[in-house]
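J.: Before I ask anything, let me first share the structure, which is written out below as structure tokens.
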Amino acid sequence: QVQLVESGGGLVQPGGSLRLSCVASGFTFSDYGMAWYRQAPGKEREQVARIANNGMTNYADSVKGRFTISRDNAKNTVYLIMNGLKFEDTAVYFCKQSRSNNWGQGTQVTVSS
């Protein structure tokens, strides 16, 4: 079955950086787009970035210029590089397989001084 396992979250100061990883299994990774979402306490889950199977990317306005999504099909992994982190980036970050309802378990990102 499909499994998505995120890692790389943690506590970081404002202006800091983190790299999230999501390792996928159970499907042909290169055939699917992938996306990162986040959910802050008391807020709805929102899409942060997505990458198509051909590598095309799209970002939420709130993270454009700060976050970069990429993928390594040889490793079945999608990444989210987050620079210039702000307090409002604090959330649980999830990866998702496109055209499905398959989600990872999430990884917590906390931006705090």
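Here, each number is a calculation from the coordinates, and none is a lab measurement. Quantities reported herein were computed from a predicted structural model and do not represent experimental measurements. So basically every Cβ, Gly included, is an ideal-geometry build from the backbone, and we count neighbours across all protein chains shown.
J.: Among the aspartates and glutamates, select those whose C-alpha is under 20 Å from the C-alpha of residue 96, and discard any that sit fewer than 8 residues away in the same chain.
T.: Excluding near neighbours in sequence, the set is 6, 31, 44, 46, 61, 72.
J.: Let me spell out the model: positive unit charges on the Cβ of Lys and Arg, negative unit charges on the Cβ of Asp and Glu, origin at the Cα centre of region 1-82. What dipole size does that give, in debye rounded to 20?
T.: That gives region 1-82 a dipole magnitude of about 160 debye.
J.: With unit charges on the beta carbon (Lys/Arg positive, Asp/Glu negative), name the residue among 27, 54, 65 whose Cα is farthest towards the positive pole of the charge dipole of region 24-73.
T.: 65
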